[in-house]
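The values are calculated or read from the model by the stated rules, or taken from the named source; none is laboratory data. The shown structure was predicted, so the numbers you read here are calculated from the model rather than taken from an experiment. All Cβ positions, even for glycine, are placed from backbone atoms using ideal geometry, and neighbour counts span all protein chains on display.
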Amino acid sequence: MSYIEKLNALAPSFEQAITEYQQSDKLQKRMAKYQLSVSHLNGYLNCPVSYYYDYLVRVPTPLHPAMTYGSAVHHALEHYFRQMQATENFPEVEVMHKLFLDFIEKNNAAFDDLDAIMERGINALNGYYANGINVWNKIVSIERNIRGVEINGRKINGKLDKIEFDGYKCTVVDYKTGVFHPNSPRFARPDVTKEFALGNKENYGGNYWRQGVFYKILVDNYQAKTWKVKSVRFEYVEPDEVTGMINLRKQLISEEEINFVKAQICEVFDCIVGMQFENGCEREDCFWCDYTKANPHLKFKK
């Protein structure tokens, strides 16, 4: 059964969770102290209706296999590098294996073929370890949680996979577990000479491009530290099938890109706090847009 089929099968049970949320004051309380993360920024730009159900109501949906696999890999790498920090030595690759497998076993309901996903993860971590063990930086911050950074009167936050340091200058590292495509639209850079306009989706830029710029804004404006981001590096954990090497995507960020994403932050923050969730993306494959059409009595109303 596909993930969408699982969602459709559970759809009749969603109404109670949505109704209880809408009848409570949870949304108003959250908006009173709201902080915007890059996942919220991307989620709202992708579809305000889906954002409302996924990030605010948090409808209890099935575990998504790709997201659960990605979480397992992130969990393994986080705690592997934390062990390195504790001992100042990199543990053996088997430590990664155990961390990954323990997470998968605890969340096995996400997968139809558990053996295949375990084999995939072990192979990926073996390749990542082999490519990185002789070059990894030991001066790092792992899963750094940064909160309360103010951008033009709006607060943002984020949790970064890894930050590598060279004095006060740093590189933000973000792990990816999908297949690397060098020309992926997720890395698309918008025309930053144009003013950002909500609704002009062709000039939003890709989610990964925006993520990289957001992280630089977040770290550079973090008042508790004097860190400055040199670049953001996306590391694809699974080695390339042809070369056996890890694919890396380095992102250097201009002032024009920073100003463009700051405009996105301000506009989306104001829309979320203003509780503007009525209009969806209207894509044919959007589950929550379809769900709202089928259940108009559950559509968000101020």
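Okay, here's what the table says:
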quantity: Odd one out for residue 205, checked against (1) modelled with pLDDT of 95 or more; (2) in a loop (DSSP other than H, G, I, E, B); (3) farther than 22 Å from residue 251 by Cα; (4) of a type outside the set (Lys, Arg); calculated: (3)
quantity: Matching residues in segment 242-258 - criterion: being surrounded by fewer than 15 Cβ atoms within 10 Å (Cβ to Cβ) and either touching a residue at least 40 places away in the same chain (Cβ under 8 Å) or closer than 20 Å to residue 38 by Cα (or both); calculated: 244, 245, 250, 252, 254, 255, 256
quantity: Subset of segment 92-118 [more than 21 Å from residue 236 (Cα to Cα) and surrounded by 12 or more Cβ atoms within 10 Å (Cβ to Cβ)]; calculated: 102, 107, 108, 110, 111, 114
quantity: Qualifying residue in segment 43-60 (condition: free of Cβ contacts under 8 Å to residues at least 24 places away in the same chain and among the aliphatic types (A, V, I, L, M)); calculated: no
quantity: Exclusive hit being under 22 Å from the mean Cα position of the chain (by Cα), surrounded by 15 or more Cβ atoms within 10 Å (Cβ to Cβ) and modelled with pLDDT of 95 or more, set 127, 148, 121; calculated: 121
quantity: For residue 163: the one exception among (1) farther than 18 Å from residue 78 by Cα; (2) in a strand (DSSP E or B); calculated: (1)
quantity: Among (1) in contact (Cβ under 8 Å) with a residue 24 or more places away in the chain; (2) over 28 Å from residue 214 (Cα atoms); (3) in contact with a Leu (Cβ under 8 Å, 6 or more places away or on another chain) - the single one residue 118 does not satisfy; calculated: (1)
quantity: Conditions (1) under 30 Å from residue 32 (Cβ atoms); (2) modelled with pLDDT under 95; number of the one not met by residue 157; calculated: (2)
quantity: Matching entry among 282, 278, 235, 267 (being more than 30 Å from residue 132 (Cα to Cα), acidic (Asp, Glu) and outside any loop (DSSP other than H, G, I, E, B)); calculated: 267
quantity: Residue ranges of helices (runs of 4 or more DSSP H) in segment 2-45 with at least 1 members at pLDDT below 90 and surrounded by fewer than 17 Cβ atoms within 10 Å (Cβ to Cβ); calculated: 3-10
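One line per residue, one yes/no per condition, for (1) touching a helix residue (DSSP H, G or I) at 6+ places or on another chain (Cβ under 7 Å); (2) aromatic (Phe, Trp, Tyr); (3) in contact (Cβ under 8 Å) with a residue 24 or more places away in the chain:
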site: 181; (1), (2), (3): no, no, no
site: 192; (1), (2), (3): yes, no, yes
site: 197; (1), (2), (3): no, no, no
site: 200; (1), (2), (3): no, no, no
site: 209; (1), (2), (3): yes, yes, yes
site: 212; (1), (2), (3): no, no, yes
site: 219; (1), (2), (3): no, no, yes
site: 227; (1), (2), (3): yes, yes, yes
site: 240; (1), (2), (3): no, no, yes
